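Right, one structure below, let's go through it.
The values are calculated or read from the model by the stated rules, or taken from the named source; none is laboratory data. Just so it is clear, the structure is predicted and the values come from calculations on it, not from any experiment. All Cβ positions, glycine included, derive from the backbone under ideal geometry; neighbour counts span all protein chains shown.
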Amino acid sequence: MDNTSEETVSWCRFEKVWVGRLKDGKDWHALCLEYKQTTPLMLVTFLKRKLAEFVVQNFEAKWQDNMFKKCLENLTIEQIVLVVDYVENYSFQWQNEVQSQHWFNFQVTILVHLTFRVRADWDGNPNSRIVTKYHFYISDDKQHDNLFMQHCFGLHKEFLQTQGQPLPIEHIVFSYGCSSQFKCGRSLFYVAFYPSLTKCDELSLGTCM
């Protein structure tokens, strides 16, 4: 750790580097794996900032994982657990594309929606208590905002109505916390109206919020 030492250490990190200019003249940066050859002191100085962030994120991840397991263990017939996440702007591209294909690819938004609910006809077997359903919503609408979420949740509400169970009265939502999509009052306000929502209500509710 002596800053006068001439010893070096090899390490690498991901960082944004300049790779060229776009057609409009703006700089184009890309995330690349950059290799470093520095003194140990420079490596430790860099790690000190990152380790502080890692400790917090590691604590949050363990806490959320523990809460998710507790939710499933204590889940009742009137509750449903939702795990939602966006795969934003997924590009359809060939792995080994010809040069002319590089500028002609299509992007879609994918909303991954997992649901966990207590089986209505549960026979007491702990291995079959929870029913897990997987829903995927694919759209060329790349706004992926709260209104898109409401539309997908509306489709999910219609799916729940076909399952022969009453609509849940409590929704427990796990998401990555984007305020414009899930982590806001609009999402909670929307699912709170599930029992009384109709297609006309959905339209007016979406526009007035």
(message) Need the failing condition index for Ile77 against (1) closer than 30 Å to Phe189 by Cα; (2) aliphatic (A, V, I, L, M); (3) modelled with pLDDT of 85 or more; (4) part of a helix (DSSP H, G or I), just the number.
(response) (4)
(request) Determine which single condition Gln79 fails, assuming it passes every other condition in (1) closer than 30 Å to Leu114 by Cα; (2) out of contact with any Lys or Arg (no Cβ under 8 Å at 6 or more places or on another chain); (3) not hydrophobic (A, V, I, L, M, F, W, C). (result) (2)
(message) Quick check on segment 141-158: of everything there that is in a helix (DSSP H, G or I) and in contact with a helix residue (DSSP H, G or I) (Cβ under 8 Å, 6 or more places away or on another chain), which residue is nearest to Arg117 (Cα to Cα)?
(response) Lys157
(message) Please count how many residues of segment 167-189 are assigned to a loop (DSSP other than H, G, I, E, B), under 17 Å from Ile80 (Cβ atoms) and either at pLDDT below 65 or among the polar types (S, T, N, Q) (or both).
(response) 1
(request) Confirm whether Val44 is assigned by TED's automatic domain parsing to the domain that holds Leu160 and surrounded by 10 or more Cβ atoms within 10 Å (Cβ to Cβ). (result) no
(request) Can you tell me which residue within segment 105-135, out of those that are under 25 Å from His151 (Cβ atoms) and exposed (fewer than 11 other Cβ atoms within 10 Å of the Cβ), is modelled with the highest pLDDT? (result) Tyr134
(request) Please go through segment 4-54 and pick out each residue that is hydrophobic (A, V, I, L, M, F, W, C), part of a strand (DSSP E or B) and either touching a residue at least 24 places away in the same chain (Cβ under 8 Å) or on the phi > 0 side of the Ramachandran plot (or both). (result) Val9, Trp11, Cys12
(request) Please state which one of Ser91, Ser100 is over 20 Å from the mean Cα position of the chain (by Cα), at pLDDT below 85 and among the hydroxyl-bearing types (Ser, Thr, Tyr). (result) Ser100
(message) surrounded by 11 or more Cβ atoms within 10 Å (Cβ to Cβ), modelled with pLDDT of 70 or more and not in a strand (DSSP E or B): is that true of Gln163 in this structure?
(response) yes
